[in-house]
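Here is the structure we will look at, set down as structure tokens.
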Amino acid sequence: PSPPGEESRSLDSLESFSNLHSCCPSSSELNSDAEEAVVAGASSGGPTPAPEGDRPAAGSQLLSASKERFPGQSVYHIKWVRWKEENTPVITQNENGPCPLLAIMNVLLLAWKIKLPPMMEIITAEQLMEYLGDYILDAKPKEISEIQRLNYEQNMSDAMAILHKLQTGLDVNVKFTGVRVFEYTPECIVFDLLDIPLYHGWLVDPQVADIVKAVGNCSYNQLVEKIISCKQSDNSELVSEGFVAEQFLNNTATQLTYHGLCELTSAVQEGELCVFFRNNHFSTMTKYKGQLYLLVTDQGFLTEEKVVWESLHNVDGDGNFCDSEFHLRPPSDPETVYRGQQDQIDQDYLMALSLQQEQQNQEINWEQIPEGISDLELAKKLQEEEDRRASQYYQEQEQAAAQV
């Protein structure tokens, strides 16, 4: 969905919402013809690291050099970080990277369930798939009953059948009722098989009754279809319900709500390594001292060894960069920074959540709401009040941080 602030969409533009799961086309997709002819470089042993003196200084030069070494293949650069006192690889992402594959692989690498050769600098998509396939085969439980074994083997067979989709995008369809609630698709088996939790934060606030009623238990795709159907209906109540649902999608186009952020923080376990889905993108996520962090995998930060995590503390995506020990670490090169994130001051996230929840629980002054107001107008007023409170709170926090 497009950023919020636009006027109500037409039926034609609404149909663009259904592109939710066309996630991150990989560069291998663009070079598929060339890749079919190249198999020699995809051995699981990995490429030989370049000598110290031959390493290009900039990420763009590294990418250019690696493409020459592996023509026609999707090549990803490896960033080595000090994670829990151990030198650990992180797969970085170029502009067309297969985000589901990288998010899953980085979870397994940070959990040390998959290990790469020391000082390995680049890896191809084919090698990543081989490492992942080998891990799935090796991770088969040993002491299980015959029924459990048959069930596991069936799941493994189903997962292997769709494993190639990790390079181009998965069919993931969120529901707005819970951070781990997705419409079931065969692709979900991969996360179950690997025992990697999959989360999202696009939730309806249960305190806003009209939006709860309009959205119901619909998945994203079902809600888009419902909106189109309602707007074509002769029933005024259905038309109003359709507009309320459409307004919800417009106002939450970042695919993360404050209620969803609160629920995420409660649901994710301390120290848990998981995958977070938002805006057609899969990210590696963890929780440290009550605060959520996303792994920084953008290739632009390849040479920024101290930039490892980015805090997830609001719905706008303005996070604080941190090192592997979650200490605030602005990038040394301002050119690599976007959206002014290096100016943000780290805040006590638990206190922020507590105060935010208090503000959201404050009752609306119903006496100020005129009689005969429509459902749509009421939903708009409730949403505006919630946005106003959230905006006011974060402005106060920024002012306090500036004084510090």
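The values are calculated or read from the model by the stated rules, or taken from the named source; none is laboratory data. What you see is a predicted model, and the numbers here were worked out from it, not measured in a lab. Note: ideal-geometry Cβ built from the backbone for every residue, glycine included; neighbour counts use all protein chains shown. Areas reflect the complete protein model, heavy atoms only, side chains present, ligands, DNA and RNA absent. Shrake-Rupley method; radii C 1.70, N 1.55, O 1.52, S 1.80 Å.
One residue alone among Phe191, Phe276, Phe282 is closer than 30 Å to Lys140 by Cβ, touching a Phe, Trp or Tyr at 6+ places or on another chain (Cβ under 6 Å), of a type outside the set (Asp, Glu) and not in a loop (DSSP other than H, G, I, E, B), and that residue is Phe276. For segment 274-287, the count of residues that are in contact with a helix residue (DSSP H, G or I) (Cβ under 9 Å, 6 or more places away or on another chain), open to solvent by 40 Å² or more (accessible area, probe 1.4 Å), in contact (Cβ under 8 Å) with a residue 24 or more places away in the chain and closer than 23 Å to His200 by Cα is at least one.
Going through (1) in contact with a helix residue (DSSP H, G or I) (Cβ under 8 Å, 6 or more places away or on another chain); (2) in the same structural domain as Tyr293 (by the TED database) one by one, Thr185 falls short only on (1).
For every residue, the table says whether it meets (1) of a type in the set (A, V, I, L, M); (2) within 22 Å of the chain's Cα centre (by Cα); (3) not in a helix (DSSP H, G or I).
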{"position": "Asn87", "(1), (2), (3)": "no, no, yes"}
{"position": "Pro117", "(1), (2), (3)": "no, no, yes"}
{"position": "Glu130", "(1), (2), (3)": "no, no, no"}
{"position": "Asn155", "(1), (2), (3)": "no, no, no"}
{"position": "Met160", "(1), (2), (3)": "yes, no, no"}
{"position": "Leu166", "(1), (2), (3)": "yes, yes, no"}
{"position": "Asp171", "(1), (2), (3)": "no, yes, yes"}
{"position": "Arg180", "(1), (2), (3)": "no, yes, yes"}
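Could you tell me which of the residues Ile78, Ile123 is part of a strand (DSSP E or B) and surrounded by 23 or more Cβ atoms within 10 Å (Cβ to Cβ)?
Ile123
From the list Ala159, Ala139, Ala103, the lone residue that is open to solvent by less than 20 Å² (accessible area, probe 1.4 Å), touching a helix residue (DSSP H, G or I) at 6+ places or on another chain (Cβ under 8 Å) and assigned by the TED database to the domain that holds Leu194 is Ala159.
Within segment 247-273, the residues that satisfy the criterion of being open to solvent by 20 Å² or more (accessible area, probe 1.4 Å) and not charged (D, E, K, R) are Gln247, Asn251, Thr254, Tyr258, His259, Ser266, Ala267, Gln269, Gly271, Leu273.
Picking from residues in segment 288-317 that are surrounded by fewer than 17 Cβ atoms within 10 Å (Cβ to Cβ) and either charged (D, E, K, R) or in a strand (DSSP E or B) (or both), the one that is modelled with the lowest pLDDT is Asp316.
Answer yes or no as to whether Ile114 is without any contact (Cβ under 8 Å) to a residue 24 or more places away in the chain, open to solvent by less than 30 Å² (accessible area, probe 1.4 Å), assigned by the TED database to the domain that holds Lys165 and under 15 Å from Leu193 (Cβ atoms). For Ile114, the condition - without any contact (Cβ under 8 Å) to a residue 24 or more places away in the chain, open to solvent by less than 30 Å² (accessible area, probe 1.4 Å), assigned by the TED database to the domain that holds Lys165 and under 15 Å from Leu193 (Cβ atoms) - is met.
With the condition kept exactly as written, say whether any residue in segment 227-241 is of a type in the set (Lys, Arg), modelled with pLDDT under 95 and assigned to a helix (DSSP H, G or I). Yes, some residue in segment 227-241 is of a type in the set (Lys, Arg), modelled with pLDDT under 95 and assigned to a helix (DSSP H, G or I).
State all residues of segment 163-186 that are open to solvent by less than 20 Å² (accessible area, probe 1.4 Å) and under 16 Å from Phe282 (Cβ atoms); if no residue qualifies, say none.
The first filter runs over segment 163-186 and keeps only residues open to solvent by less than 20 Å² (accessible area, probe 1.4 Å), leaving 163, 166, 169-170, 172-174, 176, 178-179, 185.
Leu163, Leu166, Gly169, Leu170, Val172, Asn173, Val174, Val179, Thr185 - these are the residues of segment 163-186 that are open to solvent by less than 20 Å² (accessible area, probe 1.4 Å) and under 16 Å from Phe282 (Cβ atoms).
In summary, Ala214 fulfils each of the numbered conditions (1) open to solvent by less than 20 Å² (accessible area, probe 1.4 Å); (2) closer than 30 Å to Leu102 by Cβ; (3) in a helix (DSSP H, G or I) with the single exception of condition (2).
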